[in-house]
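Readers should treat all values here as calculations from the given coordinates under stated rules, not as data from a laboratory. Predicted model only: the values in this text are computed from it and were never measured. We place every Cβ from the backbone using ideal geometry, glycine too, and count neighbours over all the protein chains shown.
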Amino acid sequence: MKPRVAIANDHHGVALKAALLPEVVACGFEPLDLGTHTTEPVDYPDFGFKLAEAVADGQVEFGIAICGSGIGISIAANRVKGVRAALCHSGLGAALSRQHNDANVLALGARMIGDMEAKECVRRFLTTSFEGGRHLARVERLG
């Protein structure tokens with residue numbers, strides 16, 4: 001059974017999510033699409049919480065959260081104990097969020113990043129491991 005990645009978005013993230021789903025599959029993961037599936041306005045906290053709960057309770061290994069800026073949905077996700085959501089704008093940032101911070105949710109801003117860079121973020125996030133070592137004590141302090 002393939003490991004799963006939850007992906008959730010507000011109305012601003014519908015198109016970007018569609019572009020990223022094949023990338024998730026190409027990285028060897030099964031996507032769990034938690035919506036929304038329409039461009040009708042919705043509230044990003046609802047989708048950020050739903051995604052974060054799926055990560056925190058072990059339904060999925062990772063999450064990808066998308067809203068217009070990526071900020072609101074990352075704040076919502078980080079409210080759930082055990083979630084470390086990182087808003088990234090580059091592949092390097094996504095890789096470092098895994099290596100140094102053991103991030104388990106990648107947050108993206110659909111209005112802030114293009115499809116190609118977002119795909120690179122997903123690729124780097126899903127294929128980079130936490131380094132542990134000197135970073136472990138810091139991550140443990142996050143709770």
At a Förster distance of 25 Å, what's the computed FRET efficiency of Arg111 paired with Ala137, Cβ-Cβ distance as r, to 0.05?
-> 0.10
Output ³J(HN,Hα) for region 22-35: one whole-Hz value per residue in order, computed from phi by the Karplus curve 6.51 cos²θ - 1.76 cosθ + 1.60 with θ = phi - 60°, and x for Gly and Pro.
-> x, 5, 4, 5, 4, 7, x, 10, 9, x, 10, 7, 9, x
Taking the Cα-to-Cβ direction at Ala19 and at Ser129 and moving 7 Å from each Cα, how far apart do the two end points lie in nm?
-> 3.1 nm
Taking the simple approach of a point 7 Å from Cα along Cα-to-Cβ for both Gln59 and Asp46, what is their distance in nm?
-> 1.5 nm
Taking only Cα atoms and a 10 Å spring cutoff, compute GNM fluctuations for the chain and point out the largest among Arg111, Arg98, Arg84.
-> Arg111
Relative to a virtual label point 7 Å from the Cα of Lys81 in the Cα→beta-carbon direction, which members of region 103-143 show backbone nitrogen distances below 13 Å?
-> 143
Most fluctuating of Asp46, Asp102, Asp57 in the GNM of the chain (C-alpha, under 10 Å) is Asp57
In nanometres, the difference between 0.36 nm per residue of separation and the alpha-carbon distance of Ile71 and Ala26 is 13.6 nm
Of Ala103, Val24, Leu51, which is farthest on the positive side of the dipole of region 4-141, counting Cα position, with +1 on Lys and Arg Cβ, -1 on Asp and Glu Cβ, and the Cα centre as origin?
-> Ala103
